[in-house]
Amino acid sequence: MTINNSRATDSTDTSANGSTPELSPSDIQGVIDRILAKDSAVEAKAPADKQQGRALALGDDEHSVHDGDQQDLEERRALRRVAGLSTELEDVTEVEYRQLRLERVVLAGLWSEGTAADAENSLKELAALAETAGSEVLDGIIQRRLKPDPGTFLGSGKAQELKDIVTATGADTVIVDSELAPSQRRGLEDIVKVKVIDRTALILDIFAQHAKSREGKAQVELAQLEYLLPRLRGWGESMSRQAGGQVGSASAGMGSRGPGETKIELDRRKIRTRMAKLRREIAGMKPARETKRANRHRNSVPSVAIAGYTNAGKSSLLNRLTDAGVLVENALFATLDPTIRKAQTEDGIGYTLADTVGFVRSLPTQLVEAFRSTLEEVADADLILHVVDASHPDPEGQIAAVRTVLAEVDARKVPEIIVLNKADAADPFVLERLRQRESRHVVVSARTGEGIPELLQAISEGIPRPGVDLELLVPYERGDVVSRLHQEDAEILSLEHGESGTQLHVKVREGLAAELEQFVTNG
């Protein structure tokens with residue numbers, strides 16, 4: 001962050017010994033009031049359409065009573081940086097507020113295939129990603145070009161235009177809607193004279209902000225290091241070599257006759273060592289997760305995985321179905337750690353609901369590999385609820401992107417129900433188009449509760465149910481057996497009390513059928 005040192009020095013009074021004088025509470029409040037007044041003036045000068053031009057609207061009506069207290073959301077928003085703060089200090093006490101300043105970004109993308117609407121939707125999604133990461137989007141450009149320029153990604157004329165936009169808006173970062181080669185990033189930075197990052201780096205940054213669990217943090221760090229390794233830059237001292245003894249051209253001494261190891265090579269070796277350690281840690285966490293999954297399989301508990309595009313409403317749907325109280329935020333990749341909750345059909349069959357990490361177009365391969373252990377919940381599920389934002393401009397594109405990732409984790413053979421969420425905000429014509437396209441679907445609104453009974457019925461019909469048909473005669477002194485049959489892995493079709501015991505017609509799973517063999521009356 002750039003600071004005008006001369007202005008900061010002029011506006012700071014110091015005592016004779018050079019220390020800063022104590023400020024009274026009224027002085028501190030005056031500084032805060034001045035900053036807030038400055039922010040209000042900035043907002044008042046901004047055009048109305050620019051104030052409403054955020055890709056993600058921050059409304060308070062996004063939660064329902066099923067979402068719980070949302071304490072995690074309050075914590076996250078308490079740390080959100082604030083727009084409009086100047087980088088120039090008027091008082092030394094403003095140093096504490098400089099950390100709240102947003103990065104001001106300009107977006108750049110290429111339109112090489114598809115329609116103009118597709119290119120615009122992709123740039124809008126990039127804007128939403130940037131805002132989720134805590135940036136202020138100032139402007140964006142799209143260039144019609146068959147393939148990226150090998151040196152600067154954009155053409156030379158468009159790169160110069162981007163530089164003019166950066167200068168005019170005062171942006172400090174450019175975000176490119178694609179994955180840049182290291183040489184393209186350097187070439188574009190040399191032209192625009194500000195930091196340049198690509199879509200992959202932006203998504204990794206969001207994941208780093210939102211990861212909560214130990215495993216999630218390790219997975220994100222591994223993905224970041226895999227991305228960073230081929231992009232290390234070396235110049236100046238970074239290219240100097242290690243040497244020992246008397247360094248010199250004539251007599252360098254023992255241990256320095258070889259070419260030595262440059263600093264950049266040393267950095268790469270450290271990164272590889274750290275990556276190996278992270279892979280061991282993630283592998284060490286796998287047995288605990290597999291044990292829990294094995295317990296569910298052993299008890300024949302059906303599993304339902306909620307998958308879908310990021311910000312499609314997966315966590316809201318989980319909260320609506322189970323009152324899980326999972327964090328819900330109008331942001332991309334708001335939740336990363338999988339949440340598993342217990343649920344039950346109306347006729348008493350138990351199953352688990354798992355909320356998984358969201359997908360996005362061109363999801364970085366590093367993240368797919370790092371989160372493969374998390375995505376195994378989807379591949380091992382008995383049923384997938386594929387949640388789609390029906391109010392999105394391109395829901396078909398979201399469906400295709402999610403199915404691409406599902407194929408990468410071997411989950412395409414799992415039965416799938418398309419859940420068309422946000423029906424209260426969707427265009428009826430779009431809903432009808434999606435209904436015609438997807439044969440197995442349910443239209444719902446996690447916010448209003450519309451379609452939830454139909455979804456529960458579809459889940460009940462879609463999960464594996466007890467398949468072994470038995471007729472039992474259970475003596476009255478074995479009430480524990482009847483109680484066992486009332487649990488979630490058995491279905492009682494009829495129950496009568498006779499002279500010699502309780503007569504039951506049930507459907508049970510294979511494991512339980514073996515335990516009930518002594519009570520079977522139908523052979």
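The values are calculated or read from the model by the stated rules, or taken from the named source; none is laboratory data. Here the structure is a predicted model, which means the values were calculated and not measured. Here Cβ is always computed from backbone atoms with ideal geometry, including for glycine, and neighbour counts include all displayed protein chains. Note: areas computed on protein heavy atoms with side chains; ligands, DNA, RNA excluded. Shrake-Rupley method; radii C 1.70, N 1.55, O 1.52, S 1.80 Å.
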For region 455-469, Karplus couplings with θ = phi - 60° (6.51, -1.76, 1.60), whole Hz, Gly/Pro x
5, 4, 5, 5, 5, 4, 7, x, 7, x, 10, x, x, 8, 8
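Quick check on my link table: of Lys217/Lys422; Lys124/Lys212; Lys158/Lys195; Lys147/Lys413; Lys124/Lys147; Lys286/Lys342, which ones sit more than 24 Å apart, alpha carbon to alpha carbon? Intermediate results must be reported in sequence, preceding the final value.
Working: Lys217/Lys422 31 Å; Lys124/Lys212 27 Å; Lys158/Lys195 17 Å; Lys147/Lys413 35 Å; Lys124/Lys147 21 Å; Lys286/Lys342 21 Å.
From the list (Lys217/Lys422; Lys124/Lys212; Lys158/Lys195; Lys147/Lys413; Lys124/Lys147; Lys286/Lys342), the Cα-Cα distance tops 24 Å for Lys217/Lys422; Lys124/Lys212; Lys147/Lys413.
Estimate the FRET efficiency between Asp469 and Ser500 by the formula 1/(1 + (r/R0)^6), using the beta-carbon distance for r and 30 Å for R0, to the nearest 0.05. Let's see the in-between values first.
Numbers: r = 22 Å, r/R0 = 0.72.
So the FRET efficiency works out to roughly 0.90.
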Tell me, what HN-Hα J-couplings in whole Hz come from the Karplus equation 6.51 cos²θ - 1.76 cosθ + 1.60 at θ = phi - 60° for each residue of region 409-419, using x for Gly and Pro?
9, 6, 10, 6, 7, 6, x, 10, 10, 7, 9
Built amide H within the under 5 Å cut-off of Lys195, gap 5+:
Val174
Out of Ser135, Val176, Gln160 - ranked by how far each Cα lies towards the positive end of the dipole of region 113-208, with unit charges on the beta-carbon of charged residues - the top one is Gln160
Sorted by chain and number, the residues with a modelled amide H under 5 Å from that of Phe359, at a separation of 5 or more or across chains, are Gly308, Tyr309, Thr310
³J(HN,Hα) computed for each position of region 132-147 - Karplus, 6.51 cos²θ - 1.76 cosθ + 1.60, integer Hz, glycine/proline x
4, 6, x, 9, 10, 7, 9, 6, x, 9, 10, 10, 7, 7, 5, 8
How much net charge surrounds Asp198 when only the other residues with a Cβ under 13 Å from the Cβ of Asp198 are counted, with Lys and Arg +1 and Asp and Glu -1?
+1
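Sort Glu189, Glu161, Glu515 by accessible area with a 1.4 Å probe, largest first. Please list the in-between numbers first.
Values: Glu189 30, Glu161 75, Glu515 120 Å².
Sorted by accessible area, descending: Glu515, Glu161, Glu189.
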Let me make sure I get this right: for region 455-523, a, b and c are the square roots of the gyration tensor eigenvalues over alpha carbons, sorted descending. Under 1.5 in a/c it's rounded, otherwise prolate if a/b > b/c, else oblate. Which is it?
prolate
What residues have an amide H closer than 5 Å to that of Trp111, excluding those fewer than 5 places away on the same chain, when H is modeled at 1.01 Å from N in the peptide plane?
Gln143, Arg144, Arg145
Among 464-472, 313-321, 347-355, 104-112, what's the highest-first ranking by average C-beta atoms within 10 angstrom per residue?
313-321, 104-112, 347-355, 464-472
